[in-house]
Amino acid sequence: MSHQVLALKYRPSSFEKLIGQESITQTLSLALNQDRLSHAYLFSGLRGSGKTSTARIFAKALVCDQGPTSTPCEVCEHCLSANENRHIDIIEMDAASNRGIDDIRELIESTKYKPTSARFKIFIIDEVHMLTTQAFNALLKTLEEPPSYVKFILATTDPLKLPATILSRAQHFRFKQIKQSDVVNHLCHILNLENIEYEKEALEMLSRAGNGSLRDTLTLLDQAIIFSKGYITPENVATMLGLLDPNQLETIFTAILSGNKNEMLHIIKELESYECEIVIDELIAYLKNAFFAQDRRFSTLLYERFFKILSESKSLLYINANNGFVLSLIFFKMIEATNIKTIEEMIDSLENEKFRLPASHVKAEVAQSAETPLTEPEVVEEVLQVKDQGVTSGMLFERLCDKLLDRNAELGECFKNCIRFVSFEDEQLTLTSSAEGEASKTLNTYYSIIKHFVQEVFGLETKIKINKIQALPSEPQPEPSFDPNYEAQMSEAELSANDQSSSMMESLEFDNEPQSESCATGAMMAGKVEIDAKEVLNTPFVQRATELFDPQKIQIRQKV
Ligand SMILES: [Zn+2]
């Protein structure tokens, strides 16, 4: 094995060997092959993303005997000297250490002389953002109109620090962070060539630690090869990088999910020797992998909560919170998070608690209602008819009463006093009514609200059947049943039973019947209102609207 470090040994020498920057190499190749060359290029991107390598390959491609070409011959004198970084017309300059005006003046001076051997004289300026303002200003003119044989390749990790005047004079290529999978594949390739055994998981850990920089990752790989004596395992890499052992992460999450607080305390003690930020990063990486692997132990909600807890904890570290404290906080918050229910679950459990009453309670209620004189004794059997989930129709009826009371106290009281539950079968709710006089009027007025809540509680298809019974047992005059899906029928029945000629329903009925003649504006679809629909039509607002829109039809809807 050679002593050369891997990053140098495997530095790409052609566009094909560059990792993870396909769109850039494609554009540069086309420019070379079609001879559409600019005089200045700017390569920006994270360190280790391939900027300098690309600049060197591009320079070689420009000076090759066969060039400019995207596939330099690799055999001519220019290619050979370029590969060894000793080409006399390829001048590399590090702006971090040569940032002053004098350095730039020297460079500008040398642009005045033709290339010694190649067709171009190429200046590669690394870390160009480090140049002083004066140096930038001095460079500007040359950068804009250099001699035809001069090419500039500027590289920077921080393009935002460059003056706009520089940016506008160069073709800008943005290097992406290299994908982790690309880095891992590249490491596999190198290790195979080097005949070194490895476990892929270990390489994934290395590439995570390299943060998308191929150079940094290769440096870590050098270190790992020495550290693990020829066989690279996740355990070795974890120890070398000061990371958690993958098995340890598994133990942590098992303890969290099972809510084992004693185990957690033990783990926290073990983790005290680790850098807290690294532990958090490892936990995030573990969760991320679990998320992509669709690990069923975690629900989507749990992922969201865990990620939130971890990101919040990171901010605690920035205010110098104690490591052990932050870790304890993370783990106990996570255990708590596994216990928190969703809002839907809470609503469900509350509803179940409310309606899952013990059977004895139901019977007691039934007995109570049986005592009231208005209910027929046979009715009692019906109440016991049990619906799904232990909710009886009787309970639903109670819920209906509660809802009506909530909506309107007068209506609720009236309904409770006069209406009795009989049965709920085949989507038909049978009730008895003993309403008379004012009570009957009230029920008539609010009939649409009653119907709305009946459908809400018993289901949308529910039909209501009301049997009229007399409040006074001495004059039993039960009315025949009718279908009160139509307010009209209900209204008429109530009217005939109670002889109430001043019912609001009545006035509506009479207004509605001769629809075509009653309103000049057309048919009126009133009904289901608490006030007279005709009054609404007479309000100045509606009259003005009628003038403006000249409608064919006015529909008045009640907001329930
Ligand atoms: Zn060549």
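Projected onto their three principal axes, the Cα atoms of region 182-339 cover extents of 51, 33, 26 Å, largest first. Ranked by the mean number of other Cβ atoms within 10 Å of their residues, highest first, the peptides 345-352, 26-33, 126-133 fall in the order 126-133, 26-33, 345-352. Comparing 205, 274, 332 along the charge dipole axis of region 182-339, the residue lying farthest to the positive side is 332, per the Cβ-charge model.
Directionally averaged projected area (region 1-118, Cα convex hull): 8.8 nm².
In this model, which of 17/151; 51/200; 9/141; 114/141; 288/333 are farther than 29 Å apart at the alpha-carbon? Over 29 Å Cα-Cα: 9/141.
Fraction of C-alpha pairs exceeding 14 angstrom in region 73-134: 60 percent, rounded to a whole number.
What is the log10 of I(q)/I(0) for region 42-104, computed with the Debye formula using one identical point scatterer on each Cα and no solvent, at q = 0.14, 0.17, 0.27 Å⁻¹? Relative scattering, expressed as log10 I(q)/I(0), comes to -0.48, -0.66, -1.10.
Rule-based calculations on the coordinates, nothing more; no lab input. All values derive from a computational prediction rather than experimental measurement. Glycine also receives a Cβ, built like all others from the backbone with ideal geometry; neighbour counts cover every protein chain displayed.
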